[in-house]
Every structure is written in structure tokens, then in C-alpha cells.
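The values are calculated or read from the model by the stated rules, or taken from the named source; none is laboratory data. Owing to the predicted nature of the structure, the values given are computational and were not obtained by experimental measurement. Neighbour counts run over all protein chains shown; Cβ positions are idealised from the backbone, glycine included.
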Amino acid sequence: MDFIWQNVYEALIYSPKAPILFNSGLFMGLFMVFTSIYALFYNHSKARVAYVLAFSLYFYYKSSGLFVLNLLFCILFNYYLGKKIPLIQSHRLRTWAVAGGIVLNVAFLMYFKYTNFLLSNVSYLFNAEFHRLEIFLPIGISFYTFQTVSYLVDVHKERIEPCQNVWDFGFYLSFFPQLVAGPIVRAKDFLPQIHQKIIFRREDMGNGMFMVIKGLVKKALIADYLAQYVDIIYDNPTGYSGFENLMGMYAYTLQIYCDFSGYSDMAIGLALILGFKLPENFRSPYNSKDITEFWRRWHISLSTWLRDYIYIPLGGNRHGVEKQYLFLMLTMLIGGFWHGADWKFVFWGGMHGAGLIIHKIFGETAKEMEWNTRLLTPIGWLITFHFVAFLWIFFRADSFTVAALSINRIVFDLDWAYLLPFLQTRGLLVLMLCVGYALHFTSEKDKNHLREYYSTLPLLAKALLLILIIQAVLQIQNENVQPFIYFQF
């Protein structure tokens, strides 16, 4: 009996060493219990809102502890400000109220995420001693901050009506499938769904379960296994050959895609199972033939948010080509800085900005000279893929120094004699790379056929397959469940 109570206590109380994660046995068990109760009153909208809101806050508490209070403050502050905005008659005062709300939201993010970064740079400039402050980064703060900013702007621009119910707004901002790592959801897309009549269609249920399975396979089977190799390479790049560092680059390129898109797939799938639709967040990004297309396929909810709330308000393409390039670069620098409090993320964003500008210049030249697009397409894909993969080195490495060491080994010590020994000693890694990339490059038509086939299976067969995948994940997981990469952003 004491053992049972101990397990119940551990399930209810936040543990910094074991935050709840989608790919953990605890969450999978809790979600089954949650959906069993949800099925009893899912069509009673008020009860549904209260129940899902309570579970979402519990989920966030299990992820970040008492920082759930920060989330509650954001809910209350932005809800009441959103209601007040249309009541302010003066356009100037209304603009200042919205600007003040945005500043306050961003101030929370700046404090938790960038305080040590700013202090370390000030200390460096003035040659002063720097002691890092113990500031815990609340999981998901970057994502729900972007949602509050877009909500206030959309209310101010009269694109949406302000939410009239604090419970509904809390439901929107804290909805647990997408709370901690996106997709970034717009209020105009999600708020109308809250009180809609939920009809569980066989197709939607099948697609939801399929997305959860796909996400688990990507994250817990492929990404987590690749992470083991990637970690040893970037812990000591000089201890490995250029070929092994090259494989580390390819492995991380696949790992970060499987990790992040795996979370998004699970979030979209879990939401579908509950009767809600979240936006698509990834669309086979490594199939892109140019860097502009890549950003239309990678982290779609972020790239469109940056376009709509940074790039276009700055001026977009309305003020000439030179300013368009400037605004594009500023947008990507902000996007890079959003990813992490380190100059390497700013550099990463800046390089992508430069790539986008170069592609726009090159694209115009290609049109004017009527170059053969059939020839350019495969070359464009090859360049784009390796440009993105190369920049992932800076994203993964702990510092510019580590990134430079790895790049140096790839460029000046790329001995292909390591290929055969690598295949012999890293057989499972090679298999994971082949399977992962094969799944990614599978045509959309074939992916749709697979999803449709899964949807036609009997409900029992779907559930059994999901249970088998979950069991396989639990069997191969390390003792410590690997967190999702984007939890740190």
C-alpha cells in the first residue's frame, strides 16, 4: 500500500530531475486515464474546457514546477488587456497599451532566457568578473510568449474579437499538446474550436493515432538513438576523424528533424484525438530545392509568425529591394536569437538570412537569363541540404570553438578509408540513418497512402499497434528519458 501511495505522490508532485515528457511512460499512462474521463463529457463544452484547462495546468506544473504561476499570470494579464484594448477610444493610447503589453510579455522571456547572456557580454566588454545567475528557464515560455504577442496584435488590428471568457483564453494559451514546444497556434484559428461540437470521425481518430505513432518512432526510436552518436562526436570532435565528424553532421541533421517534428506530430495527433486541429509544422523540409522553400517547410508556425509579426510590420517588400533585404536579415537574426541566448544562434540566424538574400538575388538572375530549371533543381537541392546541414553544426556545438574544430576535421581530415570500418562498427547507426532519411524522402503520395491504410484498420488493430510502439519505446529507452531538443528554446 505504501508503494502505491508513493507512486501516486510522485505522479502528482513536480520533480526537477524527472519533468513529464510526451515520450515518457508516465505521460502515456496519464493520457490514457485522461482520455477515459474526457470521453464521458467531451460534448459538454464548459465541463470540457474546465477539465482540459485543469489537466493542462497540471501538465505544465509537472514540466516546470511553480513556474506554472508565470503561465497563470500571462493568462490573466493578456486576457484582461485584450478585453480593454477595443474599449480605448484613442488610437494612440490603444497603440501604447498594446506596446506596453508586448513589452511586459517579452520582458518575462528576456529575464528568464537572456539575463545571463546580457550580463556575460557586459562583463566581457568591461573586463569584469561574471558569475552566472541560477535562473531556470521555464519550458515553453518562448512559445506561449509568441502566442500572447500575436493575440494582442490581432485584437489591436481588429483581426479577431477579444476572448470574452478567461477560461477559454486559459484553455487556448495552456492547451497541453502544444504548450511546451509548439506548434505556435494563432488565436483566430484555435478560439473558434473551443466550443464547437466535437464529432469523433473515424478518419480524424485514425489520423490522430497515426500522428502519435509517427512522432514516437521519429523521436524515441530514431532521434534518441542518433543522439548517442552525436553527443560523443560533439563532446570531443578532435578525437574523431573527419569522416566521423561528417557522419555526426548528417546524424544531427536527421536527429533535430526527427526530434522536433516528432514532437509536433505527437502534439497534432493528441489534439486530433481530443477533437482539435493544430497547424502543420513540418513538410519534409530536406526536400527543399532552395533555402526559401526550406523555411516554408521547416517549423512552419514559427516562420509564418516571424513573417507576419516581424518582417511585414518592419516593411516587408514594400520599400524597395535594399530595405527588403535589410528587413529579411533583421527577421532572421531575431529568429536565431529566439532559439537561444548565445551568439552562435545569432550567427546561425544571420547565415540563414544571408542565404535567403542570396537566393532572391540568384533567383532573379536565373529568371532574367532563362536558365534551365531542370538542371538547377537537383543542384539547388544538393546545395540547400548541405548548407542547412553545415549550419546545424553551430546549432549543436557548445561553442564556436567546438564547431570550428568539427568543421576543421571535416574539411582537412576527410579520409574515406574510414568508410568501411565505420559500416562494420556502426551498423545500427547506419541503419537508423538510412531508415530515417528514407522515411523523410518518401513521397507525400506514399505517406498519404500509409496514413490512409492505417485509418482503414479496425479500432482494435490501431490501438494494438499504438501499444506495441509504446512498449518498444519503453523497452529501448535509457533510464533517463531524453527531453525534446526544442524544450530549451
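Looking only at segment 180-206, which residues are surrounded by fewer than 16 Cβ atoms within 10 Å (Cβ to Cβ), under 25 Å from residue 140 (Cβ atoms) and of a type in the set (Lys, Arg)?
Once the filter is applied, which keeps residues that are surrounded by fewer than 16 Cβ atoms within 10 Å (Cβ to Cβ), under 25 Å from residue 140 (Cβ atoms) and of a type in the set (Lys, Arg), segment 180-206 yields only 188.
Is segment 275-282 home to any residue that is of a type in the set (S, T, N, Q) and at positive phi? Full working, then the answer.
Within segment 275-282, the subset of a type in the set (S, T, N, Q) is 281.
Imposing the further condition that a residue be at positive phi reduces the set to none.
No: zero hits.
Please pick out the residue among 182, 239, 215 that is outside the structural domain of residue 458 (by TED's automatic domain parsing), out of contact with any strand residue (DSSP E or B) (no Cβ under 6 Å at 6 or more places or on another chain) and within 30 Å of residue 397 (Cβ to Cβ).
The conditions single out 182.
So, in segment 64-83, of the ones that are of a type in the set (S, T, N, Q) and touching a Ser or Thr at 6+ places or on another chain (Cβ under 9 Å), which residue ends up surrounded by the most Cβ atoms within 10 Å (Cβ to Cβ)? Spell out the reasoning first.
First, pick out the residues of segment 64-83 that are of a type in the set (S, T, N, Q): 64, 70, 78.
From the residues that got through so far, the ones that are touching a Ser or Thr at 6+ places or on another chain (Cβ under 9 Å) too are 70, 78.
Working: 70: 16, 78: 27.
So, considering only residues that are of a type in the set (S, T, N, Q) and touching a Ser or Thr at 6+ places or on another chain (Cβ under 9 Å), the one surrounded by the most Cβ atoms within 10 Å (Cβ to Cβ) is 78.
When residues of segment 247-279 are filtered for being outside any helix (DSSP H, G or I) and more than 23 Å from residue 35 (Cα to Cα), how many remain? Steps first, answer last, please.
First, pick out the residues of segment 247-279 that are outside any helix (DSSP H, G or I): 275-279.
Then drop every residue that is not more than 23 Å from residue 35 (Cα to Cα), which leaves none.
Residues in segment 247-279 being outside any helix (DSSP H, G or I) and more than 23 Å from residue 35 (Cα to Cα): 0 in total.
For the list (1) under 16 Å from residue 78 (Cβ atoms); (2) in contact with a Leu (Cβ under 9 Å, 6 or more places away or on another chain), I need the number of the one condition that residue 211 fails.
Exception for residue 211: condition (1).
Filter segment 448-465 for residues that are loosely packed, with under 15 Cβ neighbours inside 10 Å and out of contact with any Gly (no Cβ under 9 Å at 6 or more places or on another chain) and give the result.
Result: 448, 449, 450, 453, 458, 460, 461, 463, 464.
Taking residue 350 and the conditions (1) in a helix (DSSP H, G or I); (2) within 19 Å of the chain's Cα centre (by Cα); (3) of a type in the set (Gly, Ala, Ser), which numbered condition does it fall short on, given that it satisfies the others?
(2)
Considering only residues that are out of contact with any Ser or Thr (no Cβ under 8 Å at 6 or more places or on another chain) and surrounded by fewer than 14 Cβ atoms within 10 Å (Cβ to Cβ), which ones fall in segment 424-441? If you could, list the steps in order and put the result at the bottom.
Quick first cut of segment 424-441, residues out of contact with any Ser or Thr (no Cβ under 8 Å at 6 or more places or on another chain) only: 424-439.
Those that are out of contact with any Ser or Thr (no Cβ under 8 Å at 6 or more places or on another chain) and surrounded by fewer than 14 Cβ atoms within 10 Å (Cβ to Cβ): 424, 425, 427, 428, 431, 434, 438.
Which pairs have Cβ atoms under 9 Å, sit 6 or more apart or on different chains, and link a residue in segment 103-124 that is over 20 Å from residue 149 (Cβ atoms) to one that is buried (at least 17 other Cβ atoms within 10 Å of the Cβ) and not aliphatic (A, V, I, L, M)?
Going by the 9 Å Cβ cut-off, the qualifying pairs are 117/340; 117/342.
Going residue by residue through segment 88-95, is there one that turns out to be loosely packed, with under 12 Cβ neighbours inside 10 Å, of a type in the set (Gly, Ala, Ser) and part of a helix (DSSP H, G or I)? Show your work before the answer.
Of the residues in segment 88-95, the ones loosely packed, with under 12 Cβ neighbours inside 10 Å are 89-93.
Next, from what is left, pick out any that are of a type in the set (Gly, Ala, Ser): 90.
Restricting the remaining residues to those that are part of a helix (DSSP H, G or I) gives none.
No, segment 88-95 contains no residue that is loosely packed, with under 12 Cβ neighbours inside 10 Å, of a type in the set (Gly, Ala, Ser) and part of a helix (DSSP H, G or I).
Checking the structure you have, find out if any residue of segment 231-250 is at pLDDT 90 or above and closer than 29 Å to residue 65 by Cα.
Initially, segment 231-250 is screened for residues at pLDDT 90 or above, giving 231-250.
Still in the running and closer than 29 Å to residue 65 by Cα: 231.
Yes, there is a match, as at least one residue in segment 231-250 is at pLDDT 90 or above and closer than 29 Å to residue 65 by Cα.
For segment 40-59, enumerate the residues that are more than 16 Å from residue 169 (Cα to Cα) and either assigned to a helix (DSSP H, G or I) or small (Gly, Ala, Ser) (or both).
At the first step, the residues of segment 40-59 found to be more than 16 Å from residue 169 (Cα to Cα) are 40-44, 58-59.
Answer for segment 40-59, where residues must be more than 16 Å from residue 169 (Cα to Cα) and either assigned to a helix (DSSP H, G or I) or small (Gly, Ala, Ser) (or both): 40, 41, 58, 59.
Table: residues versus (1) at pLDDT below 90; (2) surrounded by 13 or more Cβ atoms within 10 Å (Cβ to Cβ); (3) outside the structural domain of residue 176 (by TED's automatic domain parsing).
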{"residue": "396", "(1), (2), (3)": "no, yes, yes"}
{"residue": "422", "(1), (2), (3)": "yes, yes, yes"}
{"residue": "444", "(1), (2), (3)": "yes, no, yes"}
{"residue": "467", "(1), (2), (3)": "yes, no, yes"}
{"residue": "480", "(1), (2), (3)": "yes, no, yes"}
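Among the residues of segment 284-306, write down those that are in a helix (DSSP H, G or I) and among the charged types (D, E, K, R).
The initial filter retains those residues of segment 284-306 that are in a helix (DSSP H, G or I), namely 285-287, 291-297, 300-306.
If the condition is that a residue be in a helix (DSSP H, G or I) and among the charged types (D, E, K, R), then 293, 296, 297 are the ones that fit.
Taking only pairs six or more apart or across chains, which ones have beta-carbon atoms under 8 Å, a first residue in segment 153-165 that is more than 17 Å from residue 97 (Cα to Cα), and a second residue that is among the polar types (S, T, N, Q) and part of a loop (DSSP other than H, G, I, E, B)?
none
Residues of segment 16-26 being surrounded by 11 or more Cβ atoms within 10 Å (Cβ to Cβ) and modelled with pLDDT under 70, which ones?
18, 23, 25
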